[in-house]
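The structure appears right after this line, and notes come after that.
The values are calculated or read from the model by the stated rules, or taken from the named source; none is laboratory data. All values derive from a computational prediction rather than experimental measurement. No Cβ is skipped: glycine too gets one built from the backbone with ideal geometry, and neighbour counts run over all protein chains shown.
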Amino acid sequence: MGKSIDTELRHRDFNLWLERMAIAIKNRDTQSMDWEGLLEEIEDMTASQKRALRSYMKRLIEHILKLQYWHSEKEYNQKHWRKEVVNFRDSVNEILQDSPSLNNYLKENYQSWFNKSVKGMRQEINISEDNFIPLENIMDENFFG
């Protein structure tokens with residue numbers, strides 16, 4: 001298996017490419033490895049986990065902000081928003097259980113994600129200037145805003 005064949009196969013039949021890479025790893029066949037392709041896939045997996053964490057956190061923050069500030073819709077939507085908070089919080093926790101090292105990524109980026117969520121939500125609702133909610137509160141299973 002040459003490098004160009006592996007790269008071509010990866011784009012044509014990803015599953016077959018993975019199977020061949022697994023066999024090469026099991027056999028310690030370094031000549032058959034598509035090292036560049038494997039590196040790209042590993043980097044993409046890391047980026048994918050980070051994107052998912054960011055997305056779930058922003059949605060979690062948005063729904064807590066709705067519960068806290070969208071008074072005109074709260075009575076009608078509160079149950080749904082609370083359910084979404086529980087679901088997004090669970091999704092964040094599942095990612096962090098699978099990849100505990102992403103806790104640092106979350107802590108480093110939380111303030112920025114929070115600010116972006118507030119900025120977006122201000123297009124729909126009036127949110128006070130003094131609106132910051134600490135990460136510990138956002139992740140507290142009993143906190144809903």
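Quick look at the numbers
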| quantity | calculated |
| --- | --- |
| Any hit, the stretch 1-8, residues being loosely packed, with under 13 Cβ neighbours inside 10 Å and modelled with pLDDT of 90 or more | no |
| The one condition in (1) loosely packed, with under 10 Cβ neighbours inside 10 Å; (2) in contact (Cβ under 8 Å) with a residue 12 or more places away in the chain; (3) not polar (S, T, N, Q) that LEU135 fails to fulfil | (1) |
| Count of residues meeting criterion [touching a Phe, Trp or Tyr at 6+ places or on another chain (Cβ under 8 Å) and part of a loop (DSSP other than H, G, I, E, B)] in the stretch 92-130 | 5 |
| Residue in the stretch 56-65 that is assigned to a helix (DSSP H, G or I) and over 18 Å from ASN137 (Cα atoms) present | no |
| Given (1) modelled with pLDDT of 95 or more; (2) part of a helix (DSSP H, G or I); (3) not basic (Lys, Arg), index of the condition THR46 fails | (1) |
